[in-house]
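The values are calculated or read from the model by the stated rules, or taken from the named source; none is laboratory data. These numbers were taken from a predicted model, which means no experiment stands behind them. Here the Cβ positions follow ideal geometry from the backbone for every residue, glycine too, while neighbour counts run over all protein chains shown.
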Amino acid sequence: MARPLAMRAAATSGAVDGEVEDIAQHAVERFVKQLHRRDKRVDHADALLWRIAENKAKDGHRRRKRRDEGTERLLHDPTAFEDGPSSPERLYFEEENRKRLAETVKAALAKAPESYRRVIEDHFLNEIPIEDIAERYYAEIAEDVDASDGPAVAAARKKARNRADQHLTRGKRWLKQRLADLMTEDGFR
């Protein structure tokens, strides 16, 4: 019964025909995990399943939109399909700029507050999903939570996820500002 509901939710949320079954599969798996994770009864299981499928379909739509915009930009960029290889001077200049940028990012991250640096490195450099980072935060605070108290566990998990999101958002903002300052000082173009 869950699969047809998830397929209908994905289809009405703008999923492409070829993705509807994949989204439904993902939604049902995530739904089952959510049911096992929760310590209390779920009153509106159909609404939870619908929301999971709907969010997955919207994620796919956003991903397609970004890809299509990138392809469109490449098609209209006159330098994207230059004839022949770039000059050695230009290649050297581009490589030097990449090295300077990498060094600038590394220097900025070294000066970042520990909580921001750790989340940025884990999420962007090590490609760890934010859910796993939130689980690490939960493990740090789980010692103070009574495992038999369902609402307390749920509140601790929510607090851990909020902390991970907050550190990532603030860390990105901090890094963006620091890089802008460093690039202005160094004269990046």
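Overview of values
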read-out	value
From 134, 110, 102, 139, residue being out of contact with any Pro (no Cβ under 9 Å at 6 or more places or on another chain), touching a residue at least 12 places away in the same chain (Cβ under 8 Å) and not charged (D, E, K, R)	134
Residues satisfying the stated conditions in segment 138-157, i.e. closer than 26 Å to residue 175 by Cβ and either of a type in the set (A, V, I, L, M) or modelled with pLDDT of 90 or more (or both)	139, 141
In segment 30-76, residue modelled with the highest pLDDT [restricted to those that are loosely packed, with under 10 Cβ neighbours inside 10 Å and assigned to a loop (DSSP other than H, G, I, E, B)]	44
Close pairs (9 angstrom Cβ cut-off, 6 or more residues apart or separate chains): in the same structural domain as residue 62 (by TED's automatic domain parsing) and on the phi > 0 side of the Ramachandran plot in segment 9-28, at pLDDT 80 or above and among the small types (Gly, Ala, Ser) anywhere	14/57; 14/60
Check on residue 116, of a type in the set (Phe, Trp, Tyr), crowded, with 17+ Cβ neighbours inside 10 Å and within 27 Å of residue 35 (Cβ to Cβ)	no
Residue 180 being surrounded by fewer than 16 Cβ atoms within 10 Å (Cβ to Cβ), over 30 Å from residue 30 (Cβ atoms) and not assigned by TED's automatic domain parsing to the domain that holds residue 30	yes
